[in-house]
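Everything on this sheet refers to the single structure shown next.
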Amino acid sequence: MIRVFCYFLLAPVVVGQSFNDYDLPPHDYYNAPLTDPMSNLLKRLHAGELALEEPSGKPLVERLLVELDIPVSSQILVFTKTSLQRRAVHPGNPRAIYFNEEVYLGWMPNGRIEITSIDPNLGGVFYFQRPLDEPERLLFAREERCLGCHAGSATNFLPGLLGMSVFPDADGRNLRSVPSFDRVSHDAPFEDRWGGWFLTGHTGRVKHMANVLAKGSRRDPVLQPDGRENKASLQEFFDLDLHLRPDSDVLALLIHDHQIGMHYCFLEALYRVRQGLYDAKIDDDSRHALTRLRPNDVADIGACVDRLMRYLLFADEVSLGDESWQDGGDYRAAFLKDRRPDQKGRALKDLRLAGRLFEHRCSYMIYSQSFAALPRPLREEVYFRLHTILTTDVEAFDHLSGSEKQAIHEILTETLPEARDYWANL
Ligand code: HEC
């Protein structure tokens, strides 16, 4: 024992920088210039180009949603004390989250607004509204303490989005987290999802944990299922006038989960590749740069791109069952507003909501700023792999039929110019 110990002490200690040292160069999280939507809004506010007269509460939330182009119908409600403002949240006063593809806004009546705005080069940037009784302070400021949870183990210590599924008691306390629920994604089984969340809509015969409270001990909490799974209204739980809308739409929940998982894949790839290129001092902009990284990085980054590709193409998506799910319709309309159809009218955003979420299983997040800002060698690698997967037989992606692959290839060729140009030169 002692020998081993001495040997360990004598070994040279090489402390390298890790890909998730987000505050150090080349990432420089706290000093890098910001281009995320909320930072852009605050620049306009501080330059006097925008005035926000609404002091707080519902009117301010409504105004911010307009300014940030977030649909009100994206509202989803979580009633557990799992986030920063623990005291304010409980089943009678749930926390509302509103989102689009780049900004997530959280708020509960009598609470302060929390905003996670996705910067394409940095991931989540976190803003907190000033205390309600301190009107002399800046309306919003970046907050480091958010990172205490939002750059923790769930996001591999990178600044990102979170979500949990828990056994909630009648006060909204977390009796216990769902053990098998690692991270929000479209891969998580429905029976483990949405513990502590409200859900309106119909999920067919598929069981989930929304709208249900748990009783019993922390060690052995038991859900009290009493037919609360498919709810048209949440009236029995809280005063519906408190929030901007009375619902927590099932489609918004599904899209939220898909997006958070996709953001995570982009975030991880962004930081790993940027660090790898920096450490190996490579400024080659083609995908071949990824083969010239340090040997460990080649393997790690290869595995990270594997995960990204599987997620992008829904390889491990859990089944929605054969029955059609029913959503409220308003969020669906808002979600589809910017769909990018090809000449045959097909788009990546087209929903199926039976068996699976989408008709054409390649995430529309490939059009996002977060994807566009990934280092060029990584984007090329994704296009290269997409081409191989979509035009040949690749066993790991045999969930996609020949016709679905062809449809995705055609849609991307017509709607994503960078992919089209890359493929044209292969
Ligand atoms: C105690 C841990 C914790 C802290 C600190 C925290 N959050 Fe969160 N946050 C969560 C959890 C957990 C969720 C998932 C939803 C839920 O359970 O309420 C979440 C969700 C969010 C969401 C919705 C988008 C998403 O990530 O799912 C926003 C926006 C958000 N937080 C912003 C902030 C901001 C801004 C701060 C700092 C002012 C902050 N949070 C501090 C735990 C935390």
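The values are calculated or read from the model by the stated rules, or taken from the named source; none is laboratory data. Keep in mind the model is a prediction, meaning the values are calculated, not measured. Note that each Cβ is placed from the backbone with ideal geometry, even for glycine, and that neighbours are counted across all protein chains shown. Surface areas here come from the heavy atoms of the whole protein model, side chains and all, with no ligands, DNA or RNA. Shrake-Rupley method; radii C 1.70, N 1.55, O 1.52, S 1.80 Å.
Across region 251-424, how large is the tail of the calculated P(r) beyond 27 Å, expressed as a percent of all Cα pairs? Write out the running numbers ahead of the final one.
On the way: 4115 of 15051 pairs.
The calculated P(r) of region 251-424 puts 27 percent of pairs beyond 27 Å.
What list of ³J(HN,Hα) values in whole Hz, one per residue of region 187-194 in order, does the Karplus curve 6.51 cos²θ - 1.76 cosθ + 1.60 (θ = phi - 60°) give from phi, with Gly and Pro shown as x?
8, 6, x, 4, 5, 9, 9, 6
Binned at 5 Å from 0, what are the whole-percent values of the Cα-Cα distance distribution for region 250-350, short to long?
Going out from 0 Å in 5 Å bins, region 250-350 shows 2, 10, 15, 16, 15, 12, 10, 9, 6, 3, 0 percent.
Just to be sure I follow: if Rg is taken over the C-alpha atoms of region 185-243 and Rh is the Kirkwood radius over the same atoms, what is Rg/Rh?
Here the Rg-to-Rh quotient is 0.99.
Using 7 Å Cα-to-Cβ label points, what is the Asp133/Val298 separation (nm, one decimal)?
Modelled inter-label distance: 6.2 nm.
Got a sec to turn the phi values of region 42-57 into Karplus ³J(HN,Hα) couplings, 6.51 cos²θ - 1.76 cosθ + 1.60 with θ = phi - 60°, whole Hz, x for Gly and Pro?
5, 4, 5, 5, 6, 7, x, 7, 9, 10, 10, 7, 5, x, 5, x
Over the chain, calculate the relative contact order: mean separation of alpha carbon pairs under 8 Å at least 6 apart, over the residue count, as a percent.
Relative contact order of the chain: 14 percent.
Using Cα centres only, tell me the gap between region 48-89 and region 212-278 in whole Å.
Between the Cα centres of region 48-89 and region 212-278 lies a distance of 17 Å.
Can you pull the Rg over Rh of region 4-147, Cα-only, Kirkwood?
Checking Rg against Rh, the ratio lands at 1.12.
Full-extension gain between Gln343 and Leu244, please, as 0.36 nm times their residue separation minus the C-alpha to C-alpha distance.
On the way: separation 99, 0.36 × 99 = 35.64 nm, distance 3.76 nm.
Fully extending the segment from Gln343 to Leu244 adds 31.9 nm.
Using heavy-atom solvent-accessible surface (probe 1.4 Å) with all chains present, what is the largest-first order of Thr291, Thr413?
Values: Thr291 100, Thr413 45 Å².
Descending accessible area places them as Thr291, Thr413.
Can you list, largest first and rounded to whole Å, the semi-axes you get for the chain by taking the square root of 5 times each eigenvalue of its Cα gyration tensor?
Each semi-axis is √(5λ); the values are 34, 28, 25 Å.
In a shell of Cβ-Cβ distance under 15 Å around Ala419, excluding Ala419 itself, what net charge do Lys and Arg (+1) and Asp and Glu (-1) give?
Spelling it out: positives minus negatives among the neighbours equals 0.
Probe radius 1.4 Å, ligands and nucleic acids ignored: give me the carbon and sulfur share of the accessible area of region 251-424 as a rounded percent. Walk me through the intermediate numbers first.
Details: 3350 of 7130 Å².
Of the solvent-accessible surface of region 251-424, carbon and sulfur hold 47 percent.
With equal scatterers on the alpha carbons only and no solvent term, can you work out the Debye log10 of I(q)/I(0) for region 37-250 at 0.07, 0.11, 0.14, 0.16 1/Å?
-0.22, -0.54, -0.88, -1.13
So if I take the centroid of the Cα atoms in region 122-185 and the same for region 283-331, what is the distance between those two points in Å?
24 Å
Once amide H atoms are built 1.01 Å from N in the peptide plane, which residues 5 or more positions from Leu351, or in another chain, come under 5 Å H to H?
Glu359
HN-Hα J couplings of region 104-116 from phi, Karplus 6.51/-1.76/1.60, θ = phi - 60°, integer Hz, Gly and Pro as x?
Whole-Hz 3J(HN,Hα) from phi for region 104-116: 10, 10, x, 7, 9, x, 6, x, 9, 7, 10, 10, 10.
Report the number of Lys pairs in region 37-250 whose alpha-carbons are under 27 Å apart, with separation of 8 or more residues or on distinct chains.
9
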